[in-house]
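To keep things clear, I will list the structure first and then write my remarks on it.
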């Protein structure tokens, strides 16, 4: 995975590998969408399963939204030490 250059790409390696190297503003989940993001997976199904990642509640999860949650959690754990 030599193409990973950011935290968002590292997180996508776990969450949605097809999105590695996509723009941070690219949608990875869209509420109600029937468009396929990958074989057997629609944007809508991804959204349904990961709705808490929709940081601003606009019905779209972007790579930036998903990564924001990671950063928030990281900060939480750093403060606890």
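Things to note:
- In degrees, nearest ten, helix 63-80 long axis to first principal axis of the chain (Cα): 30
- Note on the chain: helix-only mean residue ellipticity at 222 nm, from DSSP H runs of 4+ residues weighted -39500 (n - 2.57) and normalised by residue number, equals -13500 deg cm²/dmol.
- Given (i) 13.0, 43; (ii) 15.5, 48; (iii) 13.2, 39, the label whose value is Rg and Dmax of the Cα atoms in Å derived from this model: (i)
- Note on residue 69 and residue 41: their simple-model spin labels are 1.3 nm apart, each label 7 Å out from Cα toward Cβ.
- Residue-span extension gain [residue 34 to residue 55] - 0.36 nm each, minus C-alpha spacing: 5.4 nm
Where a number appears in this text, it was derived from the coordinates with a stated rule and is not lab data. On a predicted model such as this, the values are computed, not experimentally measured, just so you know. Cβ: placed from backbone, ideal geometry, glycine included. Neighbour counts: every protein chain shown.
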